[in-house]
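> Before we start, here is the structure in question, set down as structure tokens.
The values are calculated or read from the model by the stated rules, or taken from the named source; none is laboratory data. Since the structure is predicted, the reported quantities are computational estimates derived from the model, not experimental observations. Please note that ligands, DNA and RNA were not included when accessible areas were found on the heavy atoms of the full protein model with its side chains. Shrake-Rupley method; radii C 1.70, N 1.55, O 1.52, S 1.80 Å.
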Amino acid sequence: MILNRPKNLIIGLGNPGRCYEKTRHNAGFLLCEHIREFYGLPPFEDIERFKGEYTEGLIKGNPITLFRPLTYMNKSGEAVAPLVNYYKIDLQNVLVCYDDLDLPLGKIRFARSGGSGGHRGIESIIGQLGTKSFPRLRIGIGRPPEALAVKEYVLQSFWGDQLTIIEKVLDLAKDGVVCFLEKGITEAMNSYNGRIIEQ
């Protein structure tokens, strides 16, 4: 069990299992792991009651809980909603991080609320929470080449120069998450939504 009631909950979406580890659809998982490693937080631990894994600690004096649902992407809400509801976490202190086809690789975008944009993980969370009003961080992965189906594309690993770009993107997103922790979603939007990692 999580010993401390989460004050700031950063949720990274993805699919569990080694075969999905480095795929585009796991951008949220990758960001959480990048934050954990950079700030030296403990390894992720399973938390079966909430169908996920977590780690917690302090980042620049701010308490943070990183959470990754292990339900598979399309059922993310089945892990997120029980956790948020059990601990009565203020949704303005919850940040959901996930991949986005409609943003080019190299770009991130914070938002304070909104629809799913066709993302099945976000759709599940909205359905289970019963609201669209929670902050989120979209990590651009770009659209696939015409010959490649979306489902196949998102489940592939980043390739070639994309690997260098996504590493820089995760670092930018990490700094954006810290901004969110310290100053809130509005400042994160103002400071990071216009930035892009050049390809």
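> Search the structure for amide H atoms under 5 Å from the amide H of residue 196, placed 1.01 Å from N in the peptide plane, and list their residues when 5 or more places away or on another chain.
none
> Additional query: Over 19 Å between C-alpha atoms is what I'm after, so list which of 88/132; 22/168; 51/151; 75/151; 51/168; 7/75 land there.
Result: 51/151; 51/168; 7/75 exceed 19 Å.
> From zero up to wherever the largest Cα-Cα distance of the stretch 1-76 sits, split into 5 Å bins and tell me the percent of pairs in each.
Bins of 5 Å from zero give 3, 17, 28, 27, 16, 8, 2, 0 percent of pairs.
> Ordered by residue, what ³J(HN,Hα) values in Hz, to whole numbers, does the stretch 142-153 give under the Karplus form 6.51 cos²θ - 1.76 cosθ + 1.60, where θ = phi - 60° and Gly and Pro are x?
x, 8, x, x, 4, 7, 10, 5, 4, 4, 5, 4
> While we're on this one: Pull out a ≥ b ≥ c, the square roots of the eigenvalues of the alpha-carbon gyration tensor of the stretch 99-149, then state rounded if a/c is under 1.5, prolate if not and a/b is larger than b/c, and oblate in the remaining case.
Oblate is the answer for the stretch 99-149, as a/c is 1.5 or above yet b/c matches or exceeds a/b.
> Distances over 29 Å make up what percent of all Cα-Cα pairs in the chain?
Tail fraction, whole percent: 14.
> Of all the accessible heavy-atom surface of the stretch 102-158, with the other protein chains kept in place and a 1.4 Å probe, what percent is carbon and sulfur?
46 percent
> Tell me, what is the per residue accessible area of the stretch 1-111 in Å², probe radius 1.4 Å?
Here the residues of the stretch 1-111 average 44 Å² of exposed surface.
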